[in-house]
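S.K.: Before I ask anything, let me first share the structure, which is written out below as structure tokens.
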Amino acid sequence: MVSKQPRKQRKARYNAPLHVRQKYMGARLSEELSKEYGTRSAAVIKGDTVKVMRGDFKDTEGKVQAVSLKDGTISVDGVISTKVDGTEVPRPIYPSNVMITKLETKDGRRASSIKK
């Protein structure tokens, strides 16, 4: 960050380009994954299995359906809100409130980049 001032830090975060926002999408790894990969956190991608650790949907586990860099949120299976007309919509969650329990490793580069 450039400044100490919280308002300028927030502004920098909100106005950051997408390649910088990708760095804000990190989530904690489960103990097993943490020991296996030698790191505490990793970026959340579509296909990861996560467990919600905070909020109304605490202890809900599901696959990540979408990652929004624009909003800085993820959508998880089983985390839905029902609108007044009865339709169900995914409830966005901040990645800091989830724990990754299973990594999507179809991309070989991802596993090697996470491993230290």
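S.K.: Give the percent of DSSP beta bridges with both residues in region 25-114 that are antiparallel, rounded to the nearest 5.
M.R.: Antiparallel bridges make up about 90 percent of those DSSP assigns within region 25-114.
S.K.: What is the Cα coordinate range of the chain on the first, second and third principal axes, sorted by size from largest, in whole angstrom?
M.R.: 46, 38, 23
S.K.: Where the only charges are on Cβ atoms (+1 Lys, Arg; -1 Asp, Glu), what is the dipole of region 13-116 about its Cα centre, to the nearest 20 debye?
M.R.: 560
S.K.: Right, something else. Give me the one-decimal nm value for the distance between modelled label points at TYR14 and THR39, 7 Å along each residue's Cα-to-Cβ direction.
M.R.: That separation, rounded to one decimal, is 3.0 nm.
S.K.: Over what distance in Å are the Cα centres of region 18-35 and region 81-116 separated?
M.R.: 10
S.K.: Let me have the relative contact order for region 25-114, percent, based on Cα pairs under 8 Å that are six or more residues apart.
M.R.: 33
S.K.: Less than 16 Å apart at the alpha-carbon level, and either on another chain or at least 8 residues along: which lysines does that give for LYS70?
M.R.: LYS11, LYS23, LYS46
Bear in mind that the values in this text are calculations on the coordinates, not laboratory data. As the structure is a computational prediction, the values presented were derived from the model and not from experiment. Cβ: placed from backbone, ideal geometry, glycine included. Neighbour counts: every protein chain shown.
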